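Readers should treat all values here as calculations from the given coordinates under stated rules, not as data from a laboratory. Remember, it's a predicted structure, so these values are computed and weren't measured experimentally. Glycine gets a Cβ as well: all are built from the backbone with ideal geometry, and neighbour counts include every protein chain shown.
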Amino acid sequence: MTRQIKTRVSSVHRKTNETNIIVKVNLDGNGKNHVSTDLPFFDHMIQQLSKHSLIDIDLRCNGDLDIDSHHTTEDVGWALGKAINDALGDKKGIKRYSFSYLPMDECLTRCCVDISGRPWLVWNVFLPNVSIKDIETDIFREFFQSFSQSAGLTLHVENIYGQNTHHIIESCFKSLAITLRNAISLDLRNLDTVPSTKGTLSRNK
Ligand SMILES: [Mn+2]
């Protein structure tokens with residue numbers, strides 16, 4: 001019997017007075033991406049997320065960078081998380097849980113995820129209050145916070161050790177990518193079932 005597996009794609013358009021975002025994702029892609037937020041370091045991070053999760057991401061954000069980078073990073077996290085949640089649909093057949101340890105030179109970060117529909121972020125990452133290009137580094141918590149909320153993820157990120165700020169942030173994104181890649185992948189032994197004894201993994205149920 002040939003089994004028809006539905007294409008897991010979605011797009012989100014979110015426009016407010018602070019940001020205008022269009023994002024398209026394909027969960028079953030190969031890591032192709034076009035990312036433009038006018039924040040080059042942030043683009044670099046979203047590109048890493050796409051490349052290592054194999055989620056194709058097409059993302060354009062026009063944000064109020066004349067104020068600062070806060071609204072752009074936070075709202076991109078929200079839109080991207082919503083797109084992933086939408087593309088996951090009823091979550092039948094997904095592996096649901098995963099984790100990874102991600103080394104990057106002197107630095108080691110662990111990310112654990114449950115695609116639970118019950119948003120929660122644990123963020124044990126100390127970032128010195130410095131800027132990389134135009135982004136204050138403490139803003140990255142806001143990205144992970146809004147991403148976990150709209151994607152409906154229980155998400156725990158911990159930087160176990162590391163010195164270089166660029167490495168610490170990048171290892172968080174790469175670890176998220178590797179973790180998501182496994183958690184959203186389909187379990188061929190369990191394709192027709194939502195992996196929950198409750199019977200649903202919908203957001204906030
Ligand atoms: Mn880098």
What base-10 log of the normalised intensity I(q)/I(0) is obtained for the range 154-205 from the Debye formula, alpha carbons as equal point scatterers, at q = 0.16, 0.27 Å⁻¹? -0.67, -1.10
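Taking square-rooted eigenvalues a ≥ b ≥ c of the alpha carbon gyration tensor, is the range 9-183 rounded, prolate or oblate, where a/c under 1.5 means rounded and, failing that, a/b exceeding b/c means prolate?
It comes out oblate by the Cα gyration axes.
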Within the chain, which complete DSSP H helices have Cα atoms spanning at least 18 Å along the helix axis and a mean Kyte-Doolittle hydropathy of -1.0 or higher? 40-53, 70-88, 165-183
Taking the simple approach of a point 7 Å from Cα along Cα-to-Cβ for both residue 60 and residue 131, what is their distance in nm? 2.7
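If you stretched the chain out fully between residue 17 and residue 95, how much longer would it get, using 0.36 nm times the residue separation minus the C-alpha to C-alpha distance?
Values: separation 78, 0.36 × 78 = 28.08 nm, distance 3.78 nm.
Stretched fully, the residue 17-residue 95 segment lengthens by 24.3 nm.
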If you place +1 on the Cβ of every Lys and Arg, -1 on the Cβ of every Asp and Glu, and leave all else neutral, what size is the dipole of the range 131-196 about its Cα centre, to the nearest 20 Debye? 200
List residues of the range 25-47, by number, whose backbone nitrogen lies under 11 Å from a label position 7 Å along Cα→C-beta of residue 166. 41
Highest first, please rank the peptides 168-176, 81-89, 66-74 by the mean number of other Cβ atoms sitting within 10 Å of their residues. 168-176, 81-89, 66-74
Between the range 1-80 and the range 103-151, how many Å separate their Cα centres? 16
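Using the Cα centre of the range 9-183 as the reference point, and only Cβ charges (+1 on K/R, -1 on D/E), how large is the resulting charge dipole? Debye, rounded to the nearest 20.
On the way: 17 positive and 22 negative charges, 190 e Å.
My answer is approximately 920 debye.
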At most 12 other Cβ atoms within 10 Å and a DSSP loop assignment: could you name the chymotrypsin sites (Phe, Trp or Tyr not before Pro) in the range 100-154 that fit? 126
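Report the relative contact order of the range 43-184, percent, no decimals, based on alpha-carbon pairs under 8 angstrom and at least 6 residues apart.
On the way: 276 pairs, mean separation 52.8, N = 142.
Once normalised by length, the contact order is 37 percent.
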Taking a ≥ b ≥ c as the square roots of the eigenvalues of the Cα gyration tensor, with a/c under 1.5 meaning rounded and otherwise prolate when a/b exceeds b/c and oblate if not, the range 1-106 is oblate
